Amino acid sequence: MQEKNKKIKILLSIVFLIGILFLGIIYINKNIQENKIYQLKNKTYYEVTLNPNNYFLNDKLEADNYYIANSIKNIDIYFDYYLKKETKENINYSYNITATIKSYADNGTKLVWTKDFNLKNINDINEKEIKINENYKLDYQYYVNYVKSFQEYYNIKTENYLYVKLNVKINDTDNPYVELTIPISEDIIEINLKEDNAFLKNNKQNINLKIVIIFIILVIATVYLIIKLLFNKNNEKAILKAYEDIIITIQNKPDINIDNIIYLTSLKDLINITVNNNANIFNYQNKYYAIIDNIYYIYKT
């Protein structure tokens, strides 16, 4: 019965290790795929359209330049956002374009006034991929005049910025993706375009965390079982060498009465029994026997 329990424990240990490895492979494979679920291609950019003048040859200026504020007619913003999902499930999403004026005092350290404008709002789209192609003409002078009106009303001077955002809500998760920061009430301005895809970033962080946890479990389980196996083997070899004078190797399997068998789970226990009873141990094919008072004590490595 004890030998049967030992075999069951060994079998369960092997099944446990194989199970962990199998689940680890499944999760890792799944998460590697999830890491590629969302393929993003973004080409958001802007151009600046100028008022008619005698100084600039072209009425449009490209991005990443300095601009004379009172020469700007429109800022043409091209929101080109494409997110593809590689799995069968659809993406539920909505998006809006907003503009926000923020006025600061004390060299931009204290916010004294803010005003929100909802430029466009699209709700409840359910498709396998997200396609947003919006060309919005931002009337820059409208917001300049809005700020001037505020400053004149309160007779104050403030540092002012206009923030234009594309906000994409994906599967109920907010993702304020593209933001343009446009100074107001300055003679010469520089427009800053920033992308921050929190949705994909957070998704990837969660995937990496899962993979780390899985690998930690796999390493701990594998190292534990290997150390335990090696320790037991080395310990048994040391015991056998120490008591080799009482161990007799036999060529034929002994005829044993199965009604008088006690199975041992430890070689050390078998050694103690034989030493205490001044008996020998018989070794047959890595199975060790001791016969004491017609009782067979058996240990198998």
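Here, each number is a calculation from the coordinates, and none is a lab measurement. All of these numbers come straight from a predicted model, not from anything done at the bench. Neighbour counts run over all protein chains shown; Cβ positions are idealised from the backbone, glycine included.
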Under a 5 Å amide H to amide H cut-off, with H placed in plane at 1.01 Å, what residues pair with Asn51 once short-range neighbours are removed? Ile72, Lys73
Pairs beyond 23 Å (Cα-Cα), from Lys137/Lys157; Lys60/Lys157; Lys88/Lys169: Lys137/Lys157; Lys60/Lys157
Can you compute 3J(HN,Hα) from phi for each residue in the stretch 89-99, using the Karplus curve 6.51 cos²θ - 1.76 cosθ + 1.60 with θ = phi - 60°, rounded to whole Hz and x for Gly and Pro? 5, 7, 9, 9, 8, 8, 8, 8, 10, 10, 10
Distance (nanometres) between label positions extended 7 Å along Cα→Cβ at Lys73 and Thr181: 2.9
